[in-house]
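Report on the structure given below.
The values are calculated or read from the model by the stated rules, or taken from the named source; none is laboratory data. All figures in this text were calculated on a predicted structure; none of them were measured in a lab. All Cβ positions, even for glycine, are placed from backbone atoms using ideal geometry, and neighbour counts span all protein chains on display. Calculation scope for accessible area: heavy atoms of the full protein, side chains included, ligands and nucleic acids excluded. Shrake-Rupley method; radii C 1.70, N 1.55, O 1.52, S 1.80 Å.
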Amino acid sequence: MTDKDSPKKEKKGRGKSKEVFGYPISIFFIIVNEFCERFSYYGMRAVLVLYFKYFFQWNDDLAISIYHTFVAFCYLTPIFGAIVADSWLGKFRTIIYLSIVYAVGQVAMAVSAIHDITDKNRDGTPDNLTFHVVLSMVGLMLIALGTGGIKPCVAAFGGDQFGDQQEKQRRTFFSVFYLCINGGSLLSTIITPILRAQDCGIHSKSKCYSLAFGVPAALMVVALAVFIMGSSMYYKAKPEGNIMFKVSKCIGFAIKNRYRHRSKQYPKKEHWMDWAEEKYDKLLIAQIKIALRVLFLYIPLPMFWTLFDQKGSRWTLQATTMDGNFGAIVIQPDQMQTINPILILTLVPIMDSLIYPLIRKCGLNFTPLRKMTVGMILAALAFFCAAVIQLQIDKTLPDFPSKTQSQLKLLNMGNTAIKVQLPGSEEFTLPGAQASEDYFQFDSEQIVVSVGNPSVTKSVLLTKEQRQTLLIPSAINDEWLLADDLIYKPQEGNNEIRFINGMSKPLNVSSDAVQLGVIKPFHYSNYTQIKNGRATFTLQDGSHSCEYSKDFGFGGSYTFFVPSTLSFGSNCQESITETVNIKPNSVHMALQIPQYFLITAGEVMFSVTGLEFSYSQAPSNMKSVLQAGWLLTNAVGNFIVLIVAEIAKLPKQWTEYILFASLLVAVCIIFSIMASFYTYIDPTEIEAQFKNKSYDSDDDDDKKKLEKSEHKMEKRNSVSSDEEDNKSNQTSM
């Protein structure tokens, strides 16, 4: 046995780190590094889809497509990181180099969100979007390479710091390690949306995406610095080669050899992997067979991740059309994702210590694959809930005109009621200083409007695919103005407001948040964005002034008409007429909590159980192979989002939710059928049978022993479901 293989000498060589309470000091650097890195990743990801939608002005489908492409690559690159670490650089250098790439990517994202770089006219929006898009895409590619590349290395590197006699401390380390993952995720999804909601800028103000990305970038730099600080204390195992290369070569040889011997003159083998026996060890072949049985079960699993990862895209966009006022606090749409890590930290111990024991006491055999099936059903139910919520939201959304239609609202700027006749409708009375309650819809561009008694008739030219308000002056024969209204829901939960001056004097309207400027007599201001909450406006006509206050919700559009009879002073509030052009969000964001609960409960039963199942059923040297396969299901799931959404092209969002939920239910049925044929095994027992025997291809007795061992494995695979469940309880985790 060499020094490298000697447990005693390896124990002494575990770095130069001193111990505190039995723990190497080096692990504290690793834990802090992981917390900062997870804060950086989840903080950036929390606001990413809103960044695409509002900063780049992309539509929902494009924003979601790029988001899920990025997430997919984050789960593909761990395979690259594991190969590099195990075969070339080792875990320590892989973490260092890819963390630098990661930090550069985060900085690039923060810089791409600074609108002042290309905002030449200082209107708060970038003039050259190409620069910002290219820089952000480069940043996302570097982040995907960095976060994915270090994902398989950090936890394993932390485990390497413990000696053989520190198994208890190692288990505690992994518990704290995963607590840091959820802690970083929780804090970041609370903090970065708050930073995003602030207004910032050098020359002009806009939503502060640069700060929302800048803080995660700073945390990634801190994570890298902290990790480097502990360099002298780490135990750094040398790369020993990656098992995935060996497995791939063995499988490739078996397929090639099977193809060469496809003729009927060659005897058949019990398993196609047996064609690799000419070149590879029978123990390795047996281990690959076991791993392939588990990987076969992975085939339907991507559909779960297809639904799960949409909580950061579709569900966040859904929250932008909802009311986030919770009384004492206002929740940002991207903060709703915080529910997931909170529920994870709550549900995992409840499931392990309460729910699962109760199920066992009821006599139900709740095997891992059954837990995963239930987890998939819960995720499907979450999307059915999302569809119901979306139906309620759709009822509150305005019905904007199509490409062949126009919509018109009327505003009587006079003080007395007037009779109005529109094409295709009965004559109605429009009170003084009031607007019509709803929009009138027309298919023709030119309409005739009759007003007053005796009536005055005028021809009005409308604009297709546009909402407009017709301003009818008190002197009907004067000029009639058409004001363009909004044809979109105000973005980011803000409100869009404007004032119409019905006085014969210029009117100045201002507030602490916005400046609407001077409005000409019988004219209107441009739309101005204003946040939710109470706003107070000061109205001045030169010598007089008064204040008008209004409590705003989320996503509404308002027109405030100042009549000629305005009484400056305490009665100012009562004189101004408010018209709601687009109703504010009325479906409360709290209604998303049930769907978050269901998807998180599904995650606990599917993801946590799936990882444990894979670990228990994997041969000792194949655990990294199954881990790579598990991460690959997540990547494929995110690509499925793009494929299904592109093929389906459903006009209503709630129908897309139903489609994804139905697909998962169908896949769940397939998975449950596949799982019913799976037999739980103990890989260590099978490996021991091979390791304790000395196989010689020329020795008939040894051949019989091998055949007996393989027959025992096949017999185990054919046991009844009850025996299968009993054996699963004996699985070595």
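General remarks:
- On Cα atoms only, tilt of 653-676 relative to the major axis of the chain in degrees: 10 degrees
- Surface accessible to a 1.4 Å probe, per residue, for the residues of the chain, Å²: 46 Å²
- Surface share of carbon and sulfur [accessible, 1.4 angstrom probe, percent] for region 151-270: 60 percent
- Other residues whose C-beta falls under 12 angstrom from the C-beta of Ala223 contribute a net charge of -1, scoring Lys and Arg +1 and Asp and Glu -1.
- Residue order for His68, His203 - accessible surface, 1.4 angstrom probe, largest first: His203, His68
- Carbon + sulfur, % of accessible area of region 537-598 - ligands and nucleic acids excluded, 1.4 Å: 49 percent
- With the whole protein complex present, Phe70 retains an accessible surface near 10 Å², based on a 1.4 Å probe.
- From phi via Karplus (6.51, -1.76, 1.60), per-residue ³J(HN,Hα) for region 154-159 in Hz, x at Gly/Pro: 5, 4, 5, 5, x, x
- Region 547-704 - percent relative contact order, Cα under 8 Å, separation 6 or more: 16 percent
- Counted by Cβ distance under 14 Å from Ile647, the other residues give a net charge of -2, where Lys and Arg count +1 and Asp and Glu count -1.
- Solvent-accessible surface (1.4 angstrom probe) belonging to Lys531, in square angstrom, nearest 10: 90 Å²
- Take every Cα pair under 8 Å whose residues are at least 6 apart in sequence, average their separation, divide by the length of the chain, and the relative contact order is 15 percent.
- Under 12 Å, Cβ to Cβ, from Thr94 - net charge with Lys/Arg +1 and Asp/Glu -1: +3
- Stokes-Einstein translational diffusion, region 14-122 - Kirkwood Rh over all Cα pairs, 0.692 mPa s, 37 °C, in µm²/s: 194 µm²/s
- Note on Glu646: accessible area is roughly 110 Å² with a 1.4 Å probe, heavy atoms of protein only.
- Taking the helices alone, the chain has a mean residue ellipticity at 222 nm of -16500 deg cm²/dmol, built from -39,500 (n - 2.57) per DSSP H run of at least 4 residues and averaged over all its residues.
- Region 402-482, relative contact order in percent, only Cα pairs under 8 angstrom and at least six apart counted: 38 percent
- Bins of 5 Å from zero: percent of alpha-carbon pairs in region 309-361: 4, 17, 18, 16, 14, 11, 10, 7, 2
- Each peptide in 454-461, 260-267, 372-379 was scored by the mean count of other Cβ atoms within 10 Å over its residues; highest first, the order is 372-379, 454-461, 260-267.
- Peptides 596-609, 325-338 ranked from most to least packed give 596-609, 325-338, packing being the mean of other C-beta atoms within 10 angstrom over each peptide's residues.
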